[in-house]
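See structure below.
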Amino acid sequence: RNGRWVMPVRREARVVVGGLVHDTSGTGATIFVEPPAAVEFGNRVRELEIDEQREIERILRALTALLHPLYEPLRAAYAALVALDCLLARARYADDVHAGDAEFSTPQAGCEFVHARHPLLLAQGINVVPFTLQLDAGERTLLVSGPNTGGKTVLLKAIGLLSMMAQCGVPVPVAGGSRLPVFDDVFADVGDEQSIEASLSTFSAHLKNQGEILLRATHDSLVLMDEVGSGTDPAEGAALGGAILETLTRRGAMTVATTHLGQLKLLATEVPGVVNASLQFDATLLAPTYRLIKGVPGRSYGISIARRLRLPEDVLTLAESRLPTGERD
């Protein structure tokens, strides 16, 4: 115990054994005693351990004195090895993901992702469906709609990850001919950040993030917003989401947002620079294909998916009758 040799004895036998008490058991019935005969031997062991530590320190000081004149060359060699190792890792990664040559451009010139794939899905060994996306100079906001589990958030994150990887000098899994903008900052409002401790609901957490985005985003920034306008009354959410997207579009920030709100899908016909897109859905199999289609808004297929998951038919019929005529058309 504590580096000393001890005997476990019952508490009432302590007087018989004598010596130094170093610890007790959890119940207190047993004590760990260093007998008088072991004290001197324990002291000698401790002295030898101290001598050993001093010898180790002496050797290390001697070696350090030998290396000290070579400090600068060693530091330079270490930095060179780190740089070479990093370059080799990037080259191996580029080979593994079949990264193509991508060009850099200004955010105002638009972007072009050719056969791009989400890097984290690739790392998991998943068979990834690539996407191709081109935004021209005048197209500032891409509004992606479509069904749940259709791949909207994955697309959103892929665009952000690929942009930041490229700006860090890491080859990205895109095909040749891709054109990636160099952004001054990347802002993301993705996921649910509700907090009881901070008195934040899902909606107010989104608003907090969006307020910061509106304050800091410039015409050279990338803004990623998932489920914009959700978490509150659909009419008010669509109005607020539309105002935020219109403000960012007029500012010139490159914005990619996802939504299920029908009113927001009309934004492309009302605000210059807003473009609709959707992720393809097989209406027969009721399964996503994960293929991006630019220029066409997507359906949410909520009732169709509910039917596939075998919700009662009378409930589904009632739900269909409640759909607004315009939405159904």
request  = Those residues that are small (Gly, Ala, Ser), free of Cβ contacts under 8 Å to residues at least 40 places away in the same chain and loosely packed, with under 13 Cβ neighbours inside 10 Å, I need them from the stretch 1-24; list them, please.
outcome  = Ala13, Gly18
remark   = Out of (1) open to solvent by less than 90 Å² (accessible area, probe 1.4 Å); (2) farther than 30 Å from Phe183 by Cβ, the one Cys111 does not meet is (2)
query = For the stretch 250-287, which residues satisfy the criterion of being within 27 Å of Ala109 (Cα to Cα) and among the aromatic types (Phe, Trp, Tyr)?
reply = none
request  = Identify the residue in the stretch 106-155 that is acidic (Asp, Glu) and in a loop (DSSP other than H, G, I, E, B) and, among all such residues, is nearest to His260 (Cα to Cα).
outcome  = Glu139
ask   = Among the numbered criteria (1) surrounded by 10 or more Cβ atoms within 10 Å (Cβ to Cβ); (2) small (Gly, Ala, Ser); (3) within 22 Å of the chain's Cα centre (by Cα), which single criterion is violated by Ala79?
value = (3)
note = Sole miss for Ser178 among (1) at positive phi; (2) open to solvent by less than 50 Å² (accessible area, probe 1.4 Å) is condition (1)
ask   = Identify, please: which residue in the stretch 60-75 is open to solvent by 80 Å² or more (accessible area, probe 1.4 Å) and among the hydrophobic types (A, V, I, L, M, F, W, C) and is, among those, nearest to Arg4 (Cα to Cα)?
value = Leu60
ask   = Just for the stretch 19-70: of the residues that are under 46 Å from the mean Cα position of the chain (by Cα) and small (Gly, Ala, Ser), which one is modelled with the highest pLDDT?
value = Ala65
ask   = When you scan the stretch 276-313, how many residues do you find that are hydrophobic (A, V, I, L, M, F, W, C), closer than 25 Å to Asp136 by Cα and either buried (at least 18 other Cβ atoms within 10 Å of the Cβ) or free of Cβ contacts under 8 Å to residues at least 12 places away in the same chain (or both)?
value = 3
task = Keeping to the stretch 212-246, report how many residues are closer than 22 Å to Lys157 by Cα and of a type in the set (Gly, Ala, Ser).
result = 7
request  = Among what's in the stretch 25-44 and is in contact (Cβ under 8 Å) with a residue 12 or more places away in the chain and open to solvent by 60 Å² or more (accessible area, probe 1.4 Å), pick the residue that is farthest from Trp5 (Cα to Cα).
outcome  = Pro36
remark   = Thr259: passes all of (1) under 28 Å from Arg310 (Cα atoms); (2) surrounded by fewer than 20 Cβ atoms within 10 Å (Cβ to Cβ) but (2)
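Among the residues of the stretch 140-164, count how many are of a type outside the set (A, V, I, L, M), more than 15 Å from Ser278 (Cα to Cα) and open to solvent by less than 10 Å² (accessible area, probe 1.4 Å). Show your work before the answer.
Restricting attention to the stretch 140-164, the residues satisfying the condition of being of a type outside the set (A, V, I, L, M) are 140-141, 145-153, 157, 160, 163.
Subsequent filtering for residues that are more than 15 Å from Ser278 (Cα to Cα) retains 140, 157, 160, 163.
Now narrow it down to the ones that are open to solvent by less than 10 Å² (accessible area, probe 1.4 Å): 160, 163.
Selection size over the stretch 140-164: 2.
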query = Could you list, in sequence order, the residues of the stretch 91-107 that are open to solvent by 70 Å² or more (accessible area, probe 1.4 Å) and in contact (Cβ under 8 Å) with a residue 40 or more places away in the chain?
reply = His98, Asp101, Glu103, Phe104, Thr106
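The values are calculated or read from the model by the stated rules, or taken from the named source; none is laboratory data. Just so it is clear, the model here is predicted, and its values are computed rather than measured. Here Cβ is always computed from backbone atoms with ideal geometry, including for glycine, and neighbour counts include all displayed protein chains. Surface accessibility is based on the protein's heavy atoms, side chains included, excluding ligands, DNA and RNA. Shrake-Rupley method; radii C 1.70, N 1.55, O 1.52, S 1.80 Å.
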